[in-house]
Amino acid sequence: MQRMGLTDQSLASGGVDATTDQIKSSTDALLALSSTGGTLTADGTEQTLYIDNEPLGCTMGRRLYVDLDAMAGGDTTVIRVYYRLSDGGGLQLLDYATYTGADGGLANSIKLVVVELGPYRHGVQVTLEQTAGVNATYPWEFFAEV
């Protein structure tokens, strides 16, 4: 008696090929995590920490981390988030946060802040402006799925 199943190529081949194609389609659609980062030395003006200006497709922005450890008492830093909603449109302010320093970070002992980002299709920009105090250097890193 012949056993049916994977050993019978006439029965297995089509099912395995279809399953393999389905798995490949699913994994090809998965987003890949990418990152970038660096340091920004404040100069008293609004400066770009990160910008993705007119990306080629949709991107899922995740998080931008900013290290405020270099802030001192009396320092004030503003982080702003801008999104573009149409081809060729302007970057529009979505949100901002103001941070007041204490020696070695913020008054509540926090040294890192996170900017949560969502998906974008036409562009996103995150800026930093130190509005008071001695200009400091801010390490940062950004993560997105593309």
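Read the figures in this text as sums done on the coordinates, not as results from a lab. Here the structure is a predicted model, which means the values were calculated and not measured. Ideal geometry is used to build each Cβ from the backbone, glycine not excepted, and the neighbour counts take in all protein chains shown.
If you take the charge dipole of segment 32-90 about its Cα centre, with +1 on Lys and Arg Cβ and -1 on Asp and Glu Cβ, which of Thr39, Met71, Cys58 is farthest toward its positive end?
Result: Cys58.
Quick one: which residues, 5 or more positions from Gly105 or on another chain, have an amide H under 5 Å from its amide H? H modelled 1.01 Å from N in the peptide plane, none for Pro or chain starts.
When sequence neighbours closer than 5 places are left aside, the close amide H contacts are Met71.
Determine the distance separating the Cα centre of segment 65-93 from the Cα centre of segment 117-146; give it in Å without decimals.
Distance between centres, Cα-based: 5 Å.
So what are the ³J(HN,Hα) numbers for segment 78-95, from phi and the Karplus equation (6.51, -1.76, 1.60; θ = phi - 60°), rounded to whole Hz, Gly and Pro as x?
Running phi through 6.51 cos²θ - 1.76 cosθ + 1.60 with θ = phi - 60° gives 10, 10, 10, 10, 10, 10, 10, 10, 8, 4, x, x, x, 6, 10, 5, 9, 7 Hz.
Can you give me the long-range amide H partners of Tyr50? Hydrogens built in the peptide plane at 1.01 Å from N, cutoff under 5 Å, separation of 5 or more residues or another chain.
Under 5 Å from the amide H of Tyr50: Val126.
Across 10 Å bins from the origin, how do the percents of Cα pairs in segment 21-146 run, short distances first?
13, 40, 28, 13, 5, 1
Counting only residues 5 or more places away or on other chains, whose amide H sits under 5 Å from the amide H of His122 once H atoms are built in the peptide plane?
Hits under the 5 Å cutoff: Arg84.
Ala102 versus Glu46, label points 7 Å from Cα toward the beta carbon: distance in nm?
With each label point 7 Å from Cα toward Cβ, the separation is 3.0 nm.
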